[in-house]
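As structure tokens, the structure follows; a few thoughts come after it.
Read-outs throughout are calculated quantities, based only on the coordinates presented, and are distinct from any laboratory measurement. All values derive from a computational prediction rather than experimental measurement. Here Cβ is always computed from backbone atoms with ideal geometry, including for glycine, and neighbour counts include all displayed protein chains.
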Amino acid sequence: MITLSHYLIVAALMFVLGLIGIMKRNNLIMLFFSSEILLNAANVALAAISKFYNDMTGQIFAFFIIAVAASEVAVGLGLLVLWYKKTGSIELNSMNNMRS
């Protein structure tokens, strides 16, 4: 039988994978993907704890996290497309030109 600890271990592994992706990647699209993995890890943990305690609060929070993640992707990818049209690159190092 799958217990709460199994779900929390999967969520922790997803969180670590997303954190490593954010720390190691230089491509902005990969940073977006890694942040989505972090948010989904939180969703898995919230939904599992909610199911364990027979309370809908965690699932409601997970729903709001999904809504925030969708808006983050829409705004972020829009900015990314504009940045690519301006510079021709989506590497994080090309963002240093924004300072001047």
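Placing +1 on the Cβ of every Lys and Arg and -1 on the Cβ of every Asp and Glu, with no other charges, gives the chain a dipole of roughly 320 debye about its Cα centre.
Each of (i) 54, 28, 23; (ii) 66, 29, 22; (iii) 54, 24, 20 is a candidate for Cα extents along the principal axes in Å; the one calculated from this structure is (iii).
Remark: the residue 12-residue 52 segment gains 12.7 nm on full extension, using 0.36 nm per residue and subtracting the alpha carbon distance. Couplings 3J(HN,Hα) of region 38-54, computed from phi: 4, 5, 5, 5, 5, 5, 4, 5, 5, 5, 5, 5, 4, 5, 5, 8, 6 Hz, in residue order, whole Hz [Karplus 6.51 cos²θ - 1.76 cosθ + 1.60, θ = phi - 60°; x for Gly and Pro].
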